[in-house]
Every structure is written in C-alpha cells, then in structure tokens.
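What follows is a short report on a single structure.
Values in this text are rule-based calculations from the coordinates and carry no lab data. Note that the structure is a prediction, hence the values are computed from the model and not measured. Counting neighbours? That spans all protein chains shown, and the Cβs are built from the backbone with ideal geometry, glycine included.
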C-alpha cells in the first residue's frame, strides 16, 4: 500500500502540462470525456498548429450541429478540418481509432489532447500503436485534482504500462 501511495504522489507531481506554445504537429487528436478537451483541439486548429483534428470517442447521439451548439465548435472547422470518431468507448479503443486515422492520412506527428491525469496512459496506448515513426506530442488539459478519478487512472496506468512495454496488447 505504501508503494502504491508513493507512486500515486509521484504520478500527481509529474502530470503532463499543456504542450509548449507554438508546438506544431501534422494533426491533433482529442479524446472525449471531460471539459476543455474539444475546446483545446479547436484552438489548436484555429492557431494553425495542426492541419486536421480527430475527436475520438464521440457518443452516438452527438452530431455536428450538437458540437457547434454545445461545444462551440465553429461550423467552418467542422466542414473542413474535423473528423468524428464514433467507434472508441475506452482508451484502447481511442488508440485503435486514432491509429487507423493516422495511417489513413499518413500523418508523421500528432498532438494528443486529453485530461492531464489521463495523458500518461493514453499516450502509452497511442505510442504503442503508432510506433517510433510517428511523433506524439502530449497536451494535457488541466482537470483539477479530482482525487477519486486520479486514483482510478493511476491504478489503470500502473497495470497497463508494463503490459505495453512488453508489447502485450
């Protein structure tokens, strides 16, 4: 229990920050599930820091008009530069969906946008799928310090990370 607690404290202390200002990638990927993520992805597009955006893990009932109304996504960006992924329902599914999208578009670099506490595991999953030929730039969206979600995510990470390092899917 002490090892878990010590690791948990280190996990919190080293949560990823937002990507450095001005960091450019070919594309960006937003993993749904929390506030601020879609807005960050839209801002990346508007700032010209990526050419295209995948919003992965979109609910079945979410439509482009709903994204415009509820999330403030500009219709012009939805029309030209945003793809919606409806397949993923968990982090592994996000990585699968993102991998197919990256391969289809032949991107060489992607910005991964999700909550800072979710980023270590999401980044490990995506990097394992994409391999060393695609650069993944982590972009953590601050989500406060919700203790229970942090503890749950840390527990998932410490189970999943060694498996990914060993090449186990």
Rounded to the nearest 10 degrees, what's the angle between the helix 119-130 long axis and the longest principal axis of the chain, both from Cα atoms, 0 to 90? 70 degrees
For n ≥ 4 DSSP H runs only, could you compute -39500 (n - 2.57) per run for the chain, divide by its residues and tell me the 222 nm figure to the nearest 500? -15000 deg cm²/dmol
Global form of the range 19-88, assessed from the alpha-carbon gyration tensor, a/c cut-off 1.5: prolate
Normalised per residue, the volume of the convex hull around the Cα set of the range 76-169 (Å³): 111 Å³
Compute the distance in nm between two label points, each set 7 Å from the Cα along the Cα-to-Cβ direction, one at residue 23 and one at residue 68. 3.2 nm
Which of 103, 113, 55 comes first, and how do the rest follow, when ranked by fewest Cβ neighbours within 10 Å? 103, 55, 113
Likely footprinting exposure, 101, 161, fewest C-beta neighbours within 10 Å first: 161, 101
The range 107-155-the range 57-84 distance, computed between alpha-carbon centres (Å): 22 Å
Using only the Cα atoms of the range 61-102, what do you get for the radius of gyration and for Dmax, in Å? 11.7, 30
Taking the number of other C-beta atoms within 10 Å as the exposure measure, put 86, 157, 8 in order starting with the fewest. 86, 8, 157
In whole percent, what relative contact order does the range 23-165 give with Cα contacts below 8 Å and a gap of six or more residues? 25 percent
P(r) tail fraction, the range 11-57 - alpha-carbon pairs more than 16 Å apart, %: 42 percent
What three numbers, in Å, describe the spread of the alpha carbons of the range 1-123 along their principal axes, ordered from the longest? 51, 33, 28
